[in-house]
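Peer 1: Sharing a structure, written as structure tokens. Questions coming.
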Amino acid sequence: MRFFPVAAALLGAALLAPATAGAEEGDAARGRTLFQRQCQACHQALQPRHGVGPSLQGVVGRAAASAAGYNYSPALKASGLTWTPEVLQDFLGAPTTKVPGTRMIQRVAAEQDRRDILAFLAQQAAP
């Protein structure tokens, strides 16, 4: 009878694993809604045009401060960053900590919100 608690624990862990994996990937549909609420006032992702902030179309994998036609801060130009999912995750969580002197001050506090926004942005290919 000692095996029952162990088997129950293993079964419980197996059932929770898919939910955890899905949460780490992000929900692009939820990310779109979050983007529209929190980011769209300054950034475009569906259109290749700049607003107050640069267009984020094709941002995942792009070098920071490299979208043609946008006047980036000197700090972002000098950052040497490439917008990998990990770097974007850090930047969105604390932009002024990741790049002191950046003009972007809006942060996305919740890690899952950042994952969801990044999942949405990853679907927006460069023009």
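The values are calculated or read from the model by the stated rules, or taken from the named source; none is laboratory data. Here the structure is a predicted model, which means the values were calculated and not measured. So basically every Cβ, Gly included, is an ideal-geometry build from the backbone, and we count neighbours across all protein chains shown. For accessibility, only protein heavy atoms count, side chains too; no ligands or nucleic acids. Shrake-Rupley method; radii C 1.70, N 1.55, O 1.52, S 1.80 Å.
Peer 1: Does region 78-85 include one or more residues that are in contact with a Phe, Trp or Tyr (Cβ under 7 Å, 6 or more places away or on another chain) and more than 19 Å from Leu34 (Cα to Cα)?
Peer 2: Taking every residue of region 78-85 in turn, none turns out to be in contact with a Phe, Trp or Tyr (Cβ under 7 Å, 6 or more places away or on another chain) and more than 19 Å from Leu34 (Cα to Cα).
Peer 1: Just one of (1) surrounded by fewer than 19 Cβ atoms within 10 Å (Cβ to Cβ); (2) closer than 16 Å to Cys42 by Cβ; (3) free of Cβ contacts under 8 Å to residues at least 60 places away in the same chain trips up Pro100, so point out which.
Peer 2: Every listed condition holds for Pro100 apart from (2).
Peer 1: Sticking with this structure for a sec: Restricting the search to region 34-59, which residues are surrounded by 14 or more Cβ atoms within 10 Å (Cβ to Cβ), over 13 Å from Pro127 (Cα atoms) and of a type in the set (A, V, I, L, M)?
Peer 2: Of everything in region 34-59, just one residue is surrounded by 14 or more Cβ atoms within 10 Å (Cβ to Cβ), over 13 Å from Pro127 (Cα atoms) and of a type in the set (A, V, I, L, M), namely Leu34.
Peer 1: Quickly run through region 115-125 and pick out the residues that are under 10 Å from Leu88 (Cα atoms) and open to solvent by 30 Å² or more (accessible area, probe 1.4 Å).
Peer 2: Listed by number, the list holds a single entry, Arg115.
Peer 1: Hey, another quick one. Quick check on region 82-92. Is at least one of its residues at pLDDT 95 or above, under 15 Å from Gly31 (Cα atoms), surrounded by 13 or more Cβ atoms within 10 Å (Cβ to Cβ) and touching a Pro at 6+ places or on another chain (Cβ under 9 Å)?
Peer 2: Within region 82-92, none of the residues are at pLDDT 95 or above, under 15 Å from Gly31 (Cα atoms), surrounded by 13 or more Cβ atoms within 10 Å (Cβ to Cβ) and touching a Pro at 6+ places or on another chain (Cβ under 9 Å).
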